[in-house]
Every structure is written in C-alpha cells, then in structure tokens.
Amino acid sequence: MKKYILKRIGMSVATLLVIVLVLFILMQLLPGSPFNDERLSIEQQQVLMSKYGLDDSVPVQFFRYVKNMLTGDFGKSYTISKNTDVSLLLQNRLPTSLLLGGLSILLGSVAGLLLGVAAALKHNSLLDSMATFFSVIGVSIPSYVFALGLSYLFGFQLSWLPMLYNADDGLRAFALPAVALSMTVMATVARFTRTEMIEVLNSDYMQLVESKGVSGIQLIFKHALRNASISIITILGPLVVSLMTGSLVVEKIFSIPGIGQLMVQAIQSNDYNVILALAFVYSALYIFVMLAVDILYGVLDPRIRLAKEGANG
Amino acid sequence: MDKPLNQIIQNKVADFTFVGQKNIKVVDEVYEEDSYWKQLFKRIAKNKGSVFGFIMITLIAFMALLGPVISGYDFDEQIAGHESMAPRIPVLENLGVFDGSETLKTSTGELVVNKYETIEGGEEVYHWFGTDVLGRDLFTRTWIGTRISLYIALVAVIVDVFIGMSYGMISGYYGGKVDNIMQRSVEVLNGIPNLVVVTLLIIVLKPGLMSITLAIAITGWIGMSRVSRASMLKLKESEYVLAARTMGAKDISIMYKDILPNIFSQLLIMSMFSIPSAIFTEAFLAFVGIGIPVPMASLGSLISENFKSLTTHFYMIVPPVLVLALLMLSFNLLADGLRDALDPTMKEV
C-alpha cells in the first residue's frame, strides 16, 4: 500500500510540473500586454517591463516562476489591484470559495444519499420515479440556471435571503449559492447511490444479514450503504470539477468575493500573474482531490488495494 | 452373485411411468424480423423520457432554423424606441397574458407599464419574447443563439467520434509502448481542469466561434477515448480478430471494419452524453465574458447580457435560460433512452 501511495504522489507532482510548464507556455502566447495604456510612452512601458522582469528571456522567466511558486510567491498583480501580491489576493479569497464548495458538497451529498437510498428502498414506486426525474433535471440543468432562479425568487421577489453576498450575513449569505451549487452534486450522488443500493440490496450478503435478524436503520446504513458508498467516492473527482466551473459563474451572480470571481476579473483585465496563479491553484486542488479519492478508495476497498499491490509489486 | 441384468433393467423401468399422449399442439410461431433501426426505434419509443427529449430537440432545431426567418427582425437590428419591451404575442394578448405590459417595482410601489401603448404605431408591433435594453428582438436572438448551441452539439459529436474514438482505439489496439505514452499524455491532460484549459486557450486565441470549437475539440474527447480503449482491450483478443489477422487483414481494417461495429453502440451513447457538457462549456464561456463576440448571440451570451436586467426586466432572461435548460435536459434524456435501448447492460451514471 505504501508503495502504491508513494507512486501515486509522484505521479501527481509530475503532472503538476507539466501543468506549470504548459501554463507558462500558454501565457507567453497571450496577446496584449498589461501595460497597453495610451498614456504610457514606449520608454515608460520599457521601464515597467524591466521592473516586473518581463523583458528577460523566456527560460529565465520560467525558472524564476517555478522557484517563486515553490516559496509561495505568485508574483504581483498587474491590473486588478496594482502591486498587491497575488498570494495575498488568494489568501483573502480562497477560504470563501473553499467554504462555499465544502458547503455545497456536504449539502449535496447528504441530500443525494438520502434521496438515493429512499429511491432504492422503494424501487419502482412513485417515489422512485420522482427521485429519478428530479436527478435527471439536476444533472442536466447547469447550476447557474438554478442560481439565477433562486436569486430571483428568494432574493428579489420574496426577499427572504440576501440576493448579494455580504460578509456580515455570515452563513445566511451562503444559503442560496450553496443550494444552487449543490443541485448537481445532489442529483449525481442520488443517481449513483440509487444504482449502487439496488445492486447491494439484492446481493447474497444482504440476505444473510437480513436473515440474521438485523433490520431497519442499522440494516440500511451500517450494512448496505457502507458497501454502496465505496464506489460513490469515485464520483467525487468529477464533481469537484463541476463545482469549480459552477462556482465561477455562481460567484459572479451572487458577487461572492471568492477565487472564481477573481478569475473572471483577471481574465477580463489580462492580469497574467493572477490567471497563472489561479490556474495553478485550480489544477493543484483538482490533482489533490483525485489523489485523495484514489488513496481513500484503496484504503476502503481491500479488493482494489490487493489488486493494485499485485500489479505494482 | 448379482441379480440378472434384465431384472435390474426391469426395476429401473418400473421407476418411470409413461406420460402418454396429451395431445399438446406445438405451435411454431414465427415473428417477422425487424431491421436493426426499426428495433432500435421501437425500443427507444418505449422510453417516455427519450421520446420527450427527441421531440423537444426536433422542435428546438426547427425553431432555430425557422425562428429568425419568421420573426421579421434581424438579430442585430437595434430599433430606436423599442428598448426593453415586454413580450407581446398575438391571440394570447387577449387573454391578459403576454400583452406587452410589465410590472415595475419602484420604491413607492408597483407600477404596470405597457410600452406598446406609448410608442408611435405600437399597436401593430409584436415582439414575441420582448426586446433587450438595446431594442433588439429577443425572439430572433434566442433562436439565432440556439443555432450556436446546436452547432456546438454537432462539434462535440464529431470530435468524440474522430479524435476520442480513434485515439482510444489506437492506444488500446497497439498496446505496449504506444499505449503507455498515449495514456500518460491523456493523464496529464486530464489532470488539468477543463476550466483552465478552455479559458487559457480562448484568451490566447481571442474569443470567437473558431476558438470555442477548438477548445471543445481539445478537451471534449478524453472520456470517449477511455471508453473506446477499454472496449478495444476487451475485443482485440477475440477470435474473429485473430481470424481476420490470419487472413492478412491490415491493422486499420481490423480496427475499423471488424472491431468498430461491435463497440459502436457504446461509443454512440458516450458521444450523446458529451453533447450537454459541450453546450454547457459554450454557455459558461459566454457568461464569463469570453464567448461569442457581440453582436452575435449565443444562449450563454444572451443569459450573460440579460442577467444585468434580472431585477428590472425579468422576462429578458427567461427565453434563453429556458431553451438552454430544455436543450440540455432533452439531450440527456435522449442519451439515457439510447443507452437503455442499445446497451441494457451498461450501468447507469
């Protein structure tokens, strides 16, 4: 197991390095310059370029960038908030986004699990078809459509919850965006749980447990769901990706000061360092989640662990 | 020492009794064989969801083709004086809905306004979905935008089939070093979130239809390549492949003529599922502000434009959101139905 984890970590680090290289090359190809200002003379632009080290050769810039990144220095923002460290910008915004993402995952998984279990227990009933219908809608309709609907209905028409983010509102401010984002999670988890649970409930070992006299909540949650949940973990990776994409739009709709909103601003104002840093953060987050899912999966399911140990020596 | 043989046989025979003639008539029923496509169609037709999806997609595609033609307005035509007009539809207006009046919320209370009554010659003007803040007809723009989404759907399928399928098949078929290199590159590409790849690419290439197409081409095929590689690995050891090779068939011919027909249905399902995500990618890019440039419209850019008037003129954002949601839902439902019809063994999700 140790060997497998080490190998998996090595792969992740290698992927991350390749990503940095790719990001850097892409950045070099970007059109426009952050100093494209008509009021600046060419000499002034030159001074600015050398101040930020943009006139060095490409390899020099790349190695400096990798070195800085290892020390947590993402450079300075060019346009969004001039001369502020990008790491400082991230520091302020990352927790907000992580909180939003965490809330959505938590809300979505719990609701999805309950819905999926209920649908599986009452297989082929009205409840089941309603749950299926609900999850098809949740999977198909993008989260920002939900965000728009929720913000109009509860935020504007009924004024129950804040329409725009305000730090003073505490968790109340996260209610609408978190619900909007969690719809996809809930629908996917519900769908997957239902399929897995139906399979598990029909298995021989469930019959054995049932004939031993175990029943009710213990039967469902301790025996059935535990086995079903192992494979549910695998969909976490794709879900995190959809949350990242969704959060960009949802953060814009509710004007939440998270990294998604920062990304949109950076894209629109050509702030290279911020885009590069955010792309790195998103990729690192994603790779970390994939790594965690793989390791967790191995730990939870002995069959996978043994198979992988066998394959990797 | 033993009983004579014929006695044993007699005892054995006594164990059984003859049933006798029961006069059962065996009817040999012969069903007429349907063609593959007819069978497929019948099975899809059983699934209500996929029938709904198919009808909706047809309807939306029909409107996308015809809508801009019958509306009588150009998609980029700004009519002075026609800014921010609520929807007005003939016949329905007599029922008290869609009669061009809208309720404005002000600080002092609510106010019902009908702009069609205030502008000159407004009696004769009909904007079925209303107009946006620049006075452009939203009915025309919505269906023009739908064209973009349908085009994206087509691109997604083509990319899936040509890049994803071939990549996976080649990787799986040759195996060994080729497979190793191809799979490691996919892993790295897959390690970067699509969000990052797509946004960076569009910034480098400048926003436009071509860049969006390219972005989808680069990111859209990975899932498909996995499925086709897995199917290829399963099938390449089968006997008919061995037979074909013995007969001297070339690799390409084995891949495309012998193996492909056997995995095609699975791949078709995969490509159907990639359509909604491609449509979403376009809408997402537009919303972030790097989609189709103005005055061209896509569903995403319409949502993004009209989002600014969400609280003042709510009707503006409804048509593009509704069409986008229906389109994605329909493609998902149709893909679900196709999967059930073509490959019942394939697992859900």
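The values are calculated or read from the model by the stated rules, or taken from the named source; none is laboratory data. Everything numeric in this text was worked out from a predicted model, so none of it was measured. Cβ atoms come from the backbone with ideal geometry, glycine included; neighbour counts cover every protein chain shown. Quick note on the areas: whole protein, heavy atoms, side chains included, nothing else; ligands and nucleic acids left out. Shrake-Rupley method; radii C 1.70, N 1.55, O 1.52, S 1.80 Å.
A few notes on this one:
- Remark: C-alpha extents of chain A on the principal axes read 85, 62, 29 Å, sorted largest to smallest.
- Taking N as its residue count, the alpha carbon Rg of the range A:1-87 over 2.2 N^0.38 Å: 1.42
- In this label model, residue A:255 and residue A:133 are separated by 3.8 nm, measuring between points 7 Å along each Cα→Cβ vector.
- Structure-based [θ]222 nm, chain A - -39500 (n - 2.57) summed over DSSP H runs of at least 4, per residue, nearest 500: -24000 deg cm²/dmol
- Difference of contour (0.36 nm per residue) and Cα-Cα distance, residue A:269 to residue A:99: 58.6 nm
- With 10 Å bins beginning at zero, the pair-distance distribution over Cα atoms of the range B:161-238 amounts to 19, 42, 26, 11, 1 %.
- When +1 charges are put on Lys and Arg Cβ atoms and -1 charges on Asp and Glu Cβ atoms, the dipole computed for the protein assembly as shown relative to its Cα centre reaches about 2540 debye.
- D (Stokes-Einstein, µm²/s), Kirkwood Cα radius, chain B, 1.002 mPa s at 20 °C: 86
- Where labels lie 7 Å past Cα in the beta-carbon direction, separation of residue B:62 and residue B:322 in nm: 1.7
- Binned Cα-Cα distances of the protein assembly as shown, short to long, each 20 Å bin given as a whole percent: 15, 44, 30, 8, 3, 1, 0
- Net charge dipole, chain A: roughly 780 debye, given to the nearest 20, about the Cα centre with Cβ charges of +1 for Lys and Arg and -1 for Asp and Glu.
- A Förster radius of 51 Å, combined with the Cβ-Cβ distance separating residue B:180 from residue A:81, puts the computed FRET efficiency at roughly 0.65.
- Accessible surface ranking that places the most exposed of A:146, A:174 first, with a 1.4 angstrom probe: A:146, A:174
- Considering only A:92, A:124, A:270, the Gaussian network model of chain A with Cα springs below 10 Å gives its largest mean-square fluctuation to A:124.
- In summary, the lysines within cross-link reach of residue A:76, defined as a Cα separation below 21 angstrom excluding same-chain residues under 8 places away, comprise A:51, A:67.
- Solvent exposure, largest accessible area first (probe 1.4 Å, DNA, RNA and ligands not counted), of B:181, A:287: B:181, A:287
- With Cα atoms, 0 to 90° folded angle of helix B:48-70 axis to chain B main axis: 40
- Solvent-accessible ranking of A:55, A:85, B:34, B:137, largest area first, probe 1.4 Å: A:55, A:85, B:34, B:137
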